[in-house]
Amino acid sequence: MSIGELWRRLQHLARRDQIENEMEEEMRLHLELRASRLREEGLAATEAVYAARRRFGNVTGLREQSHDIWAFRWLERLSADVKLALRNSRKSPSFTLLAVGSLSLGLAASTAIFSFVNAIVLKTLPVQDASRLVVLRQRNETFHMENCCFSHAFFREFSVADTGLDGVLAASSNDVDVVDGDRRQAVTLELVSGNYFRMLGVRPQLGRLLDESDDRVENGSRACVISDRLWRGMFGASPGVVGRRIVLEKEPFQIVGVSPPGFEGAALHDRRDVQVSTAWAQAFYGTTRDNFRWLMLIGRLRQGVPLAEAAARIDRSGMAIERGHGLQVSDSDHFLLRDGSQGFDSRKEKLGKPVLLLLSIVGLVLFMACANLAALWLVRSLERVRESATRVALGATRWAIIRQFLTQSLLLSAASGLLAWWMAQFFVAGLLRMMDTEREALAQHVKPDPMVLGFFALAVIGSGLLFGVLPALRAWRTDPMPLVQSGSIHAAGKRAGAYRVLIAVQIAVSVALVFTAGLLAQTLKNLRSIDLGFRPQNVVQAEVDLGRLDYSEASAEEAMRNLLLRARSLPEAQSASLSNINLLTGSMAAVVVRIPGHADAKGAPPTSYFTKVSSGYFRTMGIPLRAGSDFTTQTRAGSEGEVIVNEQFARRYLEGDPLGKAFTYGGSRKVRVVGVVGTTKYRWLREDPQPILYVPAIDGAFPKSAFLQVRSTEPPERVLAQLRGLLQGTDVRLPLDRVTTLEAQLDAALAAERLLALLSTALGSLAVALAAIGLYGVLSYSTARRTREIGIRVAIGAQRGSIIGMVLGECAWMVIAGIAAGLPLAMFSGKLIQSQLYGLPAADLPATALAGCFLVLVSACAAALPAWRATRVDPVSALRYE
Amino acid sequence: MLILQTLARHGEMHGFEIADSIQQLSAEVLQVEEGSLYPALQRMLLKGWLKAEWGKTSGNRRARYYRLSPAGRGRLDEEIAQYRCVSQAIGRILQPV
């Protein structure tokens, strides 16, 4: 269709009525002129009119034909379908309400959760070809963990070794303050290798980025690159920012460029706003870059080199380099390649599985909502089968009937979609709040993007088609013959059992969802009731990081000691202490201990977790002292220092009475055990008891950055405020948002589990509610249809019991089939989510049976009302109706 | 083609005149339903081959007058060329032996 044609068509559409009239006028003129001509030829007046008509043909048909030439046929058909759909929806408000309600809830929840799946699993770094990036790690046999970091010397040799990688970059991040004149802002700084920007394919939006020349000499080039976000936030997007001097960690730097919008370092779920070269390790870590393992490495897989081959080559080269450096490397300390498409510190590993699990649950619920609507609609369309049959008999094409059903279902899903899109924003905000500590990392990534929009559109259209297609097919099979023959078409309904299957499917899915929700809720409960080994109640903790501020060793120690003293003298404080480890956040320190007679089969020495504590730590944390004594303020770090070990340490490494036993740890520090304390959880809630070694952080050993704990008698709110005041009094530059109660911190550690438990319970309940509504609806309709039959039965003497039995019998068929299918489904889903569970068998038969019983109960309730109503059928009015 | 040719010869005409003219010129050989002229006219309007304007007949009745547009003239030439081509071919085939 050419443009001119389209334009003429549109004009026609706009003045359709006028054109119709003109056409009619034109044809009338023709007829009259022909008639008068015929009269002139001698025909009688009336005869002439008829003859003219005969010669002209079918006036109405011709007019319609002309009309069809112009019109957008499909558009008119669509508008007719939409009008009919709207009228149908208005005529059955309860169905429309249920459809819009359940679909919009389902669509909103799935869109919200998909936003998180997108942010956590699907998104990649905004760099060139992120899918081929890999993160290099190394297994550490001694400490049973993965090493993330390597020295700069290793990096230099590794980047030219035979690795099957197209390039390797190194980076490390550090929290610092950006100081510009008297303004100060906390940011995450990234120290990067010279090839960093080139390898990632990032181009500057202003100035230049860092390159190899900036990274050559230690403490040489003072160039730094800032992110678009920092440029806008702190420097008002001023183009004069290039060349500006800022101070990072006491060192002046010069801004040489601004990275493009969206790029915030080589870590998708982190915000790294400033990049300087690795040549500045001394300034930020206090030692030269070759001296310690601090750099994480990202490589780019060469095209055509399979991952396994690259991994083998990397393992060989990496080991050779480390051995060349004189490091002791065990043969099982393999180098590993991890997915690097999201850069460093990706949350995919930790949150990927939970959000995917949630997405599948919410997907099932959405599917159930569709099945539910399809079932209800099927039952209803049995009542309308007469209408369909009439339409077919009158010559409606089957396609026209299907189209009408699908128009209505798509219209409903589109309306629900509008509502859902609006609701989804609130769901996302709510989910973010529940994500707690991950909120900051994810907030910028959960905003709607084309991916989310695409998913949403697909979900809306998919659910519309899904619940419309079965009723449409049912109508398509409508056979008009019975209607034509007998005027009654009730018989046609008997064959339509599809809705029963749909209800059974819903019950099966509900059993599985209820069971899953139960498992996840029980997991959360189990995790909550784990014996931590310490009492977090009424303990407030502050992170004090003087290392970031311009303190010398001596002044930091002085400030730390004063802070501890003042915390102890707070009116509400029972006790206060310092430590260098924040429990249950994954942070850790570990040392090798050398105890005669203890080494594993391969001769590797045993290891232990390690915490530096001030005196009073055990009292503050509520860790019981089992033997010996706590450190005192007089404890001195002498040649043979004093240490305290936990029970697990004593049990595993020290035979007999542990008190007084001597051993060495780290390099060759000789220590003697003065006390034994209860075993606490250390890194994670789910870990097995681990040996922990406590060394005193007293005199000369105060760390520059530490955690300050205060136990109080009062509710922690007041102590929180007082502690903030204390920090302000110590140094106004200390951040106040790192003061929190231990309980809040533990809650944050369980955020993912709580999210899972809560959402799966909510979605499970929604599923059960939907199944109940579906069952109720289907039974109501079918008993209503059987009113006459029931009337006859009552009239010939059926008892109430048998009527109830009849209705419940119909229901029981669906419920039993549903539960029979649901139990194995539940067991299977339990197996699927096993990795998310704690302290529970995945396939617990009694628990599954419980979920089944619950569904039976719910189904019975849903069936009760229709059954009761059936018994109230008055035989006289039921029979008179026909 | 017939309609286009008729309009090309006579300039402006209304529906009845066109039908009449075609019938007379073909000496009543081509007898079709006169009404089918109108959908055909509409199709040509849509294609842009014709222009239509309302005017008065000799009997002072309102009527829609059609005339060829430049595009319509082009189309007519095309059709005539095509027709000649076909009719020559048929003519050759039917030559007396």
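The values are calculated or read from the model by the stated rules, or taken from the named source; none is laboratory data. Bear in mind the structure is a predicted one, so any value in this text is a computation, not a measurement. Virtual Cβ from ideal backbone geometry, glycine too; neighbours counted across all protein chains shown.
Can you tell me which of A:A371, A:A389 is assigned to a helix (DSSP H, G or I), modelled with pLDDT of 75 or more and not assigned by TED's automatic domain parsing to the domain that holds A:R87?
A:A371
It is to be established whether one or more residues within the range A:657-673 are within 38 Å of the chain's Cα centre (by Cα), buried (at least 20 other Cβ atoms within 10 Å of the Cβ) and either on the phi < 0 side of the Ramachandran plot or modelled with pLDDT of 90 or more (or both).
Within the range A:657-673, none of the residues are within 38 Å of the chain's Cα centre (by Cα), buried (at least 20 other Cβ atoms within 10 Å of the Cβ) and either on the phi < 0 side of the Ramachandran plot or modelled with pLDDT of 90 or more (or both).
If the requirement is being among the acidic types (D, E), within 22 Å of A:R733 (Cα to Cα) and surrounded by fewer than 23 Cβ atoms within 10 Å (Cβ to Cβ), which of these qualifies: A:E212, A:E251, A:E218?
A:E251
Read through the list (1) under 19 Å from B:A63 (Cα atoms); (2) surrounded by 12 or more Cβ atoms within 10 Å (Cβ to Cβ); (3) more than 8 Å from chain B (Cβ to nearest Cβ), then give the number of the only condition that A:D17 fails.
(2)
Output the residue which, of all residues in the range A:50-59 that are outside any loop (DSSP other than H, G, I, E, B) and modelled with pLDDT under 85, is farthest from the other protein chains (Cβ to nearest Cβ).
By that ranking, first place goes to A:A51.
Restricting the first residue to the range B:39-66 and requiring it to be within 19 Å of A:W7 (Cβ to Cβ), which pairs with a second residue that is of a type in the set (S, T, Y) and assigned to a loop (DSSP other than H, G, I, E, B) meet a Cβ separation below 9 Å and a spacing of at least six or different chains?
B:K47/A:S2; B:G48/A:S2; B:G48/B:S69; B:W49/B:S69; B:L50/B:S69; B:K51/B:S69
Determine which member of the set A:I298, A:I314 is over 33 Å from the mean Cα position of the chain (by Cα), within 13 Å of A:L136 (Cβ to Cβ) and crowded, with 19+ Cβ neighbours inside 10 Å.
Within the list A:I298, A:I314, the selection yields A:I314.
Scan the range A:408-416 and tell me whether some residue there is of a type in the set (A, V, I, L, M), modelled with pLDDT under 90, in a helix (DSSP H, G or I) and under 25 Å from A:E76 (Cα atoms).
The answer is no, given that none of the residues of the range A:408-416 is of a type in the set (A, V, I, L, M), modelled with pLDDT under 90, in a helix (DSSP H, G or I) and under 25 Å from A:E76 (Cα atoms).
Answer yes or no as to whether A:S608 is in a strand (DSSP E or B) and polar (S, T, N, Q).
When the stated conditions are applied, A:S608 passes them.
In the range A:65-79, which residue that is in a helix (DSSP H, G or I) and more than 9 Å from chain B (Cβ to nearest Cβ) is nearest to B:Q24 (Cα to Cα)?
Out of the qualifying residues, it is A:R73.
Which condition breaks for A:R272 when tested against (1) under 26 Å from A:D182 (Cβ atoms); (2) in contact (Cβ under 8 Å) with a residue 40 or more places away in the chain; (3) assigned to a helix (DSSP H, G or I)?
Evaluating A:R272 over (1) under 26 Å from A:D182 (Cβ atoms); (2) in contact (Cβ under 8 Å) with a residue 40 or more places away in the chain; (3) assigned to a helix (DSSP H, G or I) leaves (3) as the failure.
Note down all Cβ pairs under 7 Å where the first residue falls in the range A:126-146 and is buried (at least 19 other Cβ atoms within 10 Å of the Cβ), the second is among the charged types (D, E, K, R) and part of a loop (DSSP other than H, G, I, E, B), and they're at least six residues apart or on different chains.
From residues that are buried (at least 19 other Cβ atoms within 10 Å of the Cβ), the pairs are A:Q138/A:D333.
Suppose the filter is closer than 29 Å to A:K447 by Cα, modelled with pLDDT of 90 or more and either surrounded by fewer than 18 Cβ atoms within 10 Å (Cβ to Cβ) or small (G, A, S) (or both); does A:G343 pass it?
yes
State which residue is farthest from A:N21 (Cα to Cα) when the search covers only the range A:65-91 and only residues that are at pLDDT 80 or above and surrounded by 16 or more Cβ atoms within 10 Å (Cβ to Cβ).
It comes out as A:S89.
From the list A:F150, A:F114, which one is buried (at least 16 other Cβ atoms within 10 Å of the Cβ) and either at pLDDT below 90 or not assigned by TED's automatic domain parsing to the domain that holds A:A441 (or both)?
After ruling out the rest, the residue left standing is A:F150.
From the residues in the range A:277-329 that are free of Cβ contacts under 8 Å to residues at least 40 places away in the same chain and not in a loop (DSSP other than H, G, I, E, B), which one is farthest from A:Q128 (Cα to Cα)?
Going through the qualifying residues, I end up with A:R323.
For A:T611, work out the one condition from (1) modelled with pLDDT under 85; (2) among the β-branched types (V, I, T); (3) under 19 Å from A:M145 (Cα atoms) it doesn't fulfil.
(1)
Only residues that are surrounded by fewer than 17 Cβ atoms within 10 Å (Cβ to Cβ) and farther than 16 Å from A:F610 by Cα: list them for the range A:689-704, please.
Those that are surrounded by fewer than 17 Cβ atoms within 10 Å (Cβ to Cβ) and farther than 16 Å from A:F610 by Cα: A:D699, A:G700.
Residues are listed down the side, and each one gets a yes or a no for (1) within 12 Å of the chain's Cα centre (by Cα); (2) crowded, with 18+ Cβ neighbours inside 10 Å; (3) over 14 Å from A:E26 (Cβ atoms); (4) more than 10 Å from every other protein chain (Cβ to nearest Cβ):
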site: B:M1; (1), (2), (3), (4): yes, no, yes, yes
site: B:A8; (1), (2), (3), (4): yes, no, yes, yes
site: B:E17; (1), (2), (3), (4): yes, yes, no, no
site: B:R43; (1), (2), (3), (4): no, no, yes, no
site: B:K51; (1), (2), (3), (4): no, no, yes, yes
site: B:S58; (1), (2), (3), (4): no, no, yes, yes
site: B:A63; (1), (2), (3), (4): no, yes, no, no
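Go through (1) over 37 Å from the mean Cα position of the chain (by Cα); (2) over 24 Å from A:V179 (Cβ atoms) for A:N219 and report which single condition fails.
(2)
Only one residue in A:L62, A:L43 is surrounded by 12 or more Cβ atoms within 10 Å (Cβ to Cβ), without any contact (Cβ under 8 Å) to a residue 60 or more places away in the chain and part of a loop (DSSP other than H, G, I, E, B), so which one is that?
Going through A:L62, A:L43 in turn, just one is surrounded by 12 or more Cβ atoms within 10 Å (Cβ to Cβ), without any contact (Cβ under 8 Å) to a residue 60 or more places away in the chain and part of a loop (DSSP other than H, G, I, E, B): A:L43.
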